[in-house]
Amino acid sequence: MEQDVFKTPVAQAQLESVLDTAADGCVVIDAEARILTFNKACEELFGYNSKEVYGQNVNILLPDSIAYHHDQYVSEYLLTGRKKIIGSSREVEARHKSGALIPVELSVGEARTSEGIQFIAVMRDLRPRKAAEAKYRNLQSEMLHAFRVHALDEMSAAVAHELNQPLTALMLYLQVAGNRLDPDIGDNSAVVALIDKASREVQRASDILSRIQAFVSKREVETKVMSLKDIVDDGLELGTMGFTAPGAIITKDFPDGLPSVKADPVQIQQIVVNLIRNALQAVRGRARKRVMQSMRLERDYVEFIVEDTGAGLTPEQAENIFKPFISDGKSGGMGIGLSISRTIAQTHGGYLKAACGEMGKGAKFTLGLPAVFKNDDEDTVTGDNIVALSDDNSVKK
């Protein structure tokens, strides 16, 4: 660092140490927008070393759309004292040495020194956050697609099952009608021909429904061996994203050393999101808003359990809740989410069960997936965590 805002060597050394260990990029410029300080985080962020930029106009770090007006902004502030970005932070784009644009969170402050007014800009690299947001958007898109496919499967299977019964009855009625035709009364050949045609059409409809059922039942899933905790953590992020449940407390109790599972992560996350959102829906308006998550090894299955402090389930509700098109009418859903979730679990060789919560309070859902036992040196899951939903629904650990 060639020059600093402090006079004494001790103060200068202290400032250099602070700036060079800071995780965020820090730039100090003078009233003429010349770079005086450029810390190590800035070197990594922009691809310049400090000697390359010392004394240069800070515009070399700005995209053309901002650089053109930057000096004018500085001059106006020095003349009028009106602050536009000083003392606040905002998201902007900065320019890398290569010319690539970088999303950063910019905060600007000022310092009055014996050498005149100077400005300190702190820049946080937003690329990791943007990449994570893109990952979750893609994951949400995949889950939405998977949900629609499963919803179509579930509805097709339900419709096929329900229509097979009246079609079978219709076939029987046509057969009875044909048998009751009196051959001694006129020429019945035209009626017999119509009955035969109707019977063939009924049989064709029945065959179509049978093919739909076969297609649905033989749908394969793409699975891989992974930690159920990782699947659940992503599902929790998705389940709480954009969902209004202020004040709800979500706890996690995941013991170490649980074996992995073989699963399609997108489909299992679909179950997790469904269970988490149902639980958050259940605790809305309750004095005690808690959603408890836990995991355990039960025989040869890794279980993920979600309990809530909502109104709870009656034994009859617990028995019927996985039937398609069973809805409480409050959430606005079609009542097929849990039905689809159970189908997914069963397709994985597992199960999804519902029960009343402890002491008859709240509801308890248990997802079980077959455990995959590996060597003792396999990665294990983490321990307890607590997550709270703030008023803006951001997730806080």
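The values are calculated or read from the model by the stated rules, or taken from the named source; none is laboratory data. Here the structure is a predicted model, which means the values were calculated and not measured. Please note: Cβ atoms are built from the backbone with ideal geometry, for glycine as well, and neighbour counts cover all protein chains shown.
Here are the numbers:
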read-out	value
Long-range neighbours under 7 Å by Cβ, at least six apart or interchain, first residue on the phi > 0 side of the Ramachandran plot within the stretch 48-60, second of a type in the set (A, V, I, L, M) and not in a loop (DSSP other than H, G, I, E, B)	Gly55/Ile35
Residue within the stretch 212-222 that is at pLDDT 70 or above and within 30 Å of Pro255 (Cβ to Cβ) present	yes
Any chance Thr244 is at pLDDT below 80 and crowded, with 18+ Cβ neighbours inside 10 Å	no
Residue satisfying all of: in the stretch 41-80; part of a helix (DSSP H, G or I) and aromatic (Phe, Trp, Tyr); modelled with the highest pLDDT among these	Phe46
Meets criteria (of a type in the set (Asp, Glu), in contact with a helix residue (DSSP H, G or I) (Cβ under 7 Å, 6 or more places away or on another chain), surrounded by 14 or more Cβ atoms within 10 Å (Cβ to Cβ) and at pLDDT 65 or above) for Glu93	no
Residue in the stretch 322-333 that is at pLDDT below 75, farther than 26 Å from Val225 by Cβ and part of a helix (DSSP H, G or I) present	no
Qualifying residue in the stretch 282-289 (condition: buried (at least 18 other Cβ atoms within 10 Å of the Cβ), out of contact with any helix residue (DSSP H, G or I) (no Cβ under 9 Å at 6 or more places or on another chain), part of a helix (DSSP H, G or I) and of a type outside the set (Val, Ile, Thr))	yes
Residue in the stretch 295-304 that is exposed (fewer than 15 other Cβ atoms within 10 Å of the Cβ), in a loop (DSSP other than H, G, I, E, B) and either in contact with a helix residue (DSSP H, G or I) (Cβ under 8 Å, 6 or more places away or on another chain) or modelled with pLDDT of 85 or more (or both) present	yes
Test: residue in the stretch 26-35 that is at pLDDT below 85 and under 40 Å from the mean Cα position of the chain (by Cα)	no
Subset of the stretch 1-25 (residues that are at pLDDT below 70 and acidic (Asp, Glu))	Glu2, Asp4, Glu16
